[in-house]
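Worksheet: one structure, shown below.
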């Protein structure tokens, strides 16, 4: 096949017209990488290779657009790209490429996620570990990411702080002390705190007086 014309389609794409009446849509990057111009010869094997290169280009660009918004785990990116109906083998190739370049780093993701959820959002340790696991983070990476937050004292402080804030909300709608305690404990458990920590935190914020009788 011989290239008869190369026509600009938009800012990122060209259309290559071939002498067998076929058309090939390529990104400028793939076009320049392969040095294609009018008169270039394209074998069937090279045609197939160009199609794959172009497909990988678009997968790479989509992955980078996701990463530009926020840091992602490798599994997160894979799942998002799968939803775009890209071929899984090409997705994996691009993700490996981005990982080698340091654009995907599950260690950095786990550290940032843990810091945000444990320090700012006041999540419990179990919830953070569970969410990291869902995002495809390896067990050893999770363990390392949360190692500075595993002491009971810091977890107790976070749980107590959350319980105080939640108490003000629940007390406006509930007068029974036992029900308030149950709801607070359930709330803390849903945020990933251990039962003992949840129970002790609720005991600290609930005062045994007539206000909750």
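The values are calculated or read from the model by the stated rules, or taken from the named source; none is laboratory data. Remember, it's a predicted structure, so these values are computed and weren't measured experimentally. As a convention, Cβ positions derive from the backbone with ideal geometry for all residues, glycine included, and neighbour counts pool all protein chains shown.
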Residue in segment 85-101 that is more than 30 Å from residue 25 (Cβ to Cβ) and either modelled with pLDDT of 95 or more or outside the structural domain of residue 14 (by TED's automatic domain parsing) (or both) present: no
Matching residues in segment 83-92 - criterion: being part of a helix (DSSP H, G or I), farther than 15 Å from residue 136 by Cα and out of contact with any helix residue (DSSP H, G or I) (no Cβ under 6 Å at 6 or more places or on another chain): 88, 89
Residue ID - modelled with the lowest pLDDT, chosen from residues in segment 121-141 that are within 18 Å of the chain's Cα centre (by Cα) and farther than 15 Å from residue 106 by Cβ: 121
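Is it true that some residue in segment 69-79 is outside any helix (DSSP H, G or I), free of Cβ contacts under 8 Å to residues at least 12 places away in the same chain and under 30 Å from residue 135 (Cβ atoms)? Working first, answer last.
Initial filter on segment 69-79 (outside any helix (DSSP H, G or I)): 70-73.
Next, from what is left, pick out any that are free of Cβ contacts under 8 Å to residues at least 12 places away in the same chain: 70.
Those left that are additionally under 30 Å from residue 135 (Cβ atoms): 70.
So far as segment 69-79 goes, yes, one or more of its residues are outside any helix (DSSP H, G or I), free of Cβ contacts under 8 Å to residues at least 12 places away in the same chain and under 30 Å from residue 135 (Cβ atoms).
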Filter result (loosely packed, with under 14 Cβ neighbours inside 10 Å and part of a helix (DSSP H, G or I)) within segment 93-106: 96, 100
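Conditions tested, residue by residue: (1) touching a strand residue (DSSP E or B) at 6+ places or on another chain (Cβ under 8 Å); (2) touching a residue at least 24 places away in the same chain (Cβ under 8 Å); (3) in the same structural domain as residue 185 (by TED's automatic domain parsing); (4) in a helix (DSSP H, G or I).
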| site | (1), (2), (3), (4) |
| --- | --- |
| 126 | no, yes, no, yes |
| 131 | no, no, no, yes |
| 136 | no, yes, no, no |
| 141 | no, yes, no, yes |
| 144 | no, yes, no, yes |
| 159 | no, yes, yes, yes |
| 164 | no, yes, yes, yes |
| 168 | no, no, yes, yes |
Subset of segment 23-43 (residues that are touching a residue at least 40 places away in the same chain (Cβ under 8 Å) and outside any strand (DSSP E or B)): 42, 43
Members of segment 84-119 found to be over 18 Å from the mean Cα position of the chain (by Cα) and farther than 23 Å from residue 61 by Cα, listed by number: 119
